[in-house]
1. Return one number: the angle in degrees, 0 to 90 and rounded to the nearest 10, between the long axis of the Cα atoms of helix 234-247 and the longest principal axis of the Cα atoms of the chain.
2. Take the solvent-accessible surface of the protein heavy atoms, probe 1.4 Å, and return the percent of it on the range 91-186 that carbon and sulfur atoms account for.
3. Kindly express, to the nearest 10 degrees and within the range 0 to 90, the angle between helix 330-341's C-alpha long axis and the longest C-alpha principal axis of the chain.
4. Excluding ligands, DNA and RNA, what is the solvent-accessible area per residue of the chain at a probe of 1.4 Å, expressed in Å²?
5. Find the centroid of the Cα atoms in the range 431-459 and in the range 357-373, then give the distance between the two in whole Å.
6. Using a 1.4 Å probe and ignoring any ligands, DNA or RNA, find the accessible area of residue 118 and quote it in Å² to the nearest 10.
7. In 10 Å bins starting at zero, report the fraction of Cα pairs in the range 351-480 per bin as a rounded %.
8. Place +1 on the Cβ of every Lys and Arg and -1 on the Cβ of every Asp and Glu in the chain, take the dipole about the Cα centre, and give the residue among 319, 470, 276 whose Cα lies farthest towards its positive end.
Amino acid sequence: MSFNASAFVEKLRSVVGDKGLITGDRDKHPYLTDWRENYLGTAVAVVRPASTEEVAATIKLCAAENVAVVPQGGNTGLVGGGMPHEQGREIVLSLTRMNRIVEVDTIGYTMTVEAGAVLKAIQDAAAAHDRLFPLSLAAEGSCTIGGNLSTNAGGVQVLHYGNARQLVLGLEVVTPAGEIWNGLRALKKDNTGYDLRDLYLGAEGTLGIITKAVLKLWPKPKDIVTSWIAVPSPEAAVELLSGAHAASEDNVTSCELMSRQGIEFVLKHIPGAVDPLAEKHDWYVLLEWSSTRARRDGGNQGGLAEKMEAYLGETMEKGLVLDAAIAQNEAQARAFWALRENHSEAQKREGPSIKHDISVAVSKMPSFMKDGLAAMKKALPEGRPVPFGHVGDGNMHFNCQAPVGWDKKRFLEHGEAISGAVYDIVVAYGGSISAEHGIGRLKVDELAHYRSKIELDVMRTLKRALDPQNIMNPGKIVRT
Ligand SMILES: Cc1cc2nc3c(=O)[nH]c(=O)nc-3n(C[C@H](O)[C@H](O)[C@H](O)COP(=O)(O)OP(=O)(O)OC[C@H]3O[C@@H](n4cnc5c(N)ncnc54)[C@H](O)[C@@H]3O)c2cc1C
């Protein structure tokens, strides 16, 4: 039976109404291209359901007519997972209208939300109840919890609270057959067979659509101290972190490493960015400690700032710290964070770059950095390495900016050589070629190359069993 696109669109309209349907080319465009503008796909329509039932009815229609479904949240993903293909019969299923905070349970420290709720709105709702939802990343103003859970997002507080997988108790999911699985259980203990929840987390929309989630909350910190620290090397950064766990009484919540090259880009491209230190240094650490214990006098005394000052003094004497600034107020802390969080935006404005979202064990990070930087330089001597990221949990954005004056086409001719050199070293160190962004479309070949046959076989078996028609985000993670 041949496919009649306009008749199909009318069937979709009968499910989601005019408000839930986008069919015009101009209006569809933002859903068909990604943040980095690496992809430009096509879709029969962009469908924006308002409820789980509408999602289920949409999927049933798609299954009946063999139309593939590309789930999408805030479209901030960096590996093309939420992008439809350039050809084929697909819809984009955007969850952004399903953005309600359903319930905050302050007694049980949980929150139930719809999948399209924006991460920042979730953080704010938790804060309004004197609670913390600790997932935090630079795209938090537009990414959605459905996208965060589907990519098992990391961010800047993983070393203390864990990644998205550790922050969720229950899920509601629409399966590729259009059935609704209600797993919205707020249980900390539940050993009743296979953990279905864990299957969908990090599945990048290839196994089903997450429509709701029960999230874990924590007490809101009452004392936070943020420092901007110049260090001589990544080795010193890791040693500084190691000692900080005890010095802070186990209150290290973020530890980010940046190179001078990245800071130069931020200072050049981001209006209002200011270098906190008088002298230039090769490496910087942003170290944050936070505690739920309030400062005794409302000032620094007895609080984390006092402990941080003592620790930085001590580590300076040992040569681990070259210079440092402790934020004196929230505005200063935000300015430090902006230097870190604007790295991706500044790199984008500087021009083409190749990104590697890798992880190795924290203790192996210093020698990985040495070997990795040497390999990157060898692959393209004129390339400009920009390593930055979550050193506290072993995750580096080990990026390479194009040589000055090179266009994207010329630079990308060296892409395979650069990435191959980096990934070979990552694997030799027992690391991961995708620490937090996922596989999406971008790394399907790399996953097939670096994961073992048995791992790939199990992934494909799962995919075929749960989505026998292969309509759920096909071509992402693994090819079946
Ligand atoms: C400036 C910047 C900084 C970033 N920093 C970080 C960082 O520190 N840590 C980090 O982990 N990531 C980071 N990211 C990547 C990105 O923000 C995360 O991957 C985020 O979790 C994606 O959420 P989203 O709602 O935008 O998802 P989308 O981009 O819309 O989708 C991502 C994937 O999830 C699937 N998906 C989306 N919603 C659903 C759903 N409801 N059900 C099933 N599948 C779904 C999509 O099909 C796709 O495969 C950053 C991105 C930017 C632009």
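The values are calculated or read from the model by the stated rules, or taken from the named source; none is laboratory data. None of the values given here were measured: they were computed from a predicted structure. Virtual Cβ from ideal backbone geometry, glycine too; neighbours counted across all protein chains shown. To get the accessible areas, we keep the full protein, side chains included, count just its heavy atoms, and leave off ligands, DNA and RNA. Shrake-Rupley method; radii C 1.70, N 1.55, O 1.52, S 1.80 Å.
1. Helix 234-247 sits roughly 90 degrees off the main axis of the chain.
2. Result for the range 91-186: 48 percent of the exposed heavy-atom area is carbon or sulfur.
3. Result, in degrees: 60.
4. Numbers: 20920 Å² over 480 residues.
Dividing the accessible area of the chain by its residue count gives 44 Å².
5. 19 Å
6. Probe radius 1.4 Å; accessible area of residue 118 about 40 Å².
7. 12, 38, 31, 16, 3
8. My answer, from the dipole projection, is 470.
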